[in-house]
Amino acid sequence: MNQNFKLYSQYYDLLYKDKPYQAETDYLVTLIQYYHSTAKNILELGSGTGKHAQLLVAKGFQIVGLERSPAMVEIANGMANEKVSFQVADISSFEINQSFDVALSLFHVISYLTDNQSLINTFNHTRQHLHTGGLFIFDVWHSPAVYAQKPEQRIKTFKSDEIEVVRRANPVIYAEHNMVEVNYTIEARNPHSGESNVIEEKHPMRHFSRPEIELLAFATGFEVLHSEEFLSKVPPSSKTWGVCYILRKK
Ligand SMILES: C[S@@+](CC[C@H](N)C(=O)[O-])C[C@H]1O[C@@H](n2cnc3c(N)ncnc32)[C@H](O)[C@@H]1O
């Protein structure tokens, strides 16, 4: 699973070029201002290519991003400055010599942690790097929505001047483990030379219910302040794929 994003990083920004990073950042800033108005610095777990971080810096925050994919860190560090930096790290086992007001983990990063030990380790390490009263904000796949909507085969096509990509997603549901293994077949083609190659990737994703997050929070020294649909703020339901949780370090 560690190599999942190695190839993915080559076309990640293209794949998500229509993702509303600015609107998401505005939403996150509203949450931070509401729950921790004096917050200044942020630890981002699974920071990808640094899109949210870049926009959060523009809002006046200082950011350290942790990301296990060296290729993504390299892209993100292309825009690093004294306010933002990115390091290659596993979010379940990092040690950095700094404490933060807020930890963020965005776009289902926590759902990539499919086993209990990795989850507990991540929550514990996050707590250790937060000031007392610090926030941990993350979004995860929501079990009631996964059961109601059942993930299906999907095809996504996207292109730029340099590359044309067709991505097929084939989900396998492991209901007893709260897990969906998304198998991607990605065909990338150079429109000029006609050369193409096919990449296969597995992304095992775990989904969560609120009691499960409450238990994790309880076991690792956090309290759950609130949960809502990511971005829309509506109460979670079987229609809500991505739920945002706001936790506070006790
Ligand atoms: C869907 S991407 C989201 C990236 C970024 N947060 C965004 O919103 O664009 C999930 C990211 O989580 C990272 N990731 C997953 N598990 C990780 C782990 N254990 N440690 C560090 N990064 C991890 C992946 O490498 C990938 O960049």
Going through segment 84-93 in order, the residues found to be within 8 Å of the ligand (Cβ to nearest atom), of a type outside the set (Gly, Ala, Ser) and touching a strand residue (DSSP E or B) at 6+ places or on another chain (Cβ under 7 Å) are ILE91
Residue within segment 182-189 that is in a loop (DSSP other than H, G, I, E, B), outside the structural domain of THR114 (by TED's automatic domain parsing) and in contact with a His (Cβ under 6 Å, 6 or more places away or on another chain) present
no
Using beta carbons and a limit of 6 Å, which pairs, at least six apart or on different chains, have the first residue in segment 70-81 and under 9 Å from THR49 (Cα atoms) and the second one buried (at least 17 other Cβ atoms within 10 Å of the Cβ) and among the hydrophobic types (A, V, I, L, M, F, W, C)?
VAL73/PHE86; ALA76/PHE86; ASN77/PHE86
Any chance segment 68-91 includes a residue that's under 19 Å from LEU216 (Cβ atoms) and surrounded by fewer than 20 Cβ atoms within 10 Å (Cβ to Cβ)?
yes
Looking only at segment 172-224, count every residue that is surrounded by fewer than 18 Cβ atoms within 10 Å (Cβ to Cβ), farther than 20 Å from LEU247 by Cβ and free of Cβ contacts under 8 Å to residues at least 60 places away in the same chain and tell me the total.
21
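The values are calculated or read from the model by the stated rules, or taken from the named source; none is laboratory data. Model, not experiment: these values are computed from the prediction. Glycine also receives a Cβ, built like all others from the backbone with ideal geometry; neighbour counts cover every protein chain displayed.
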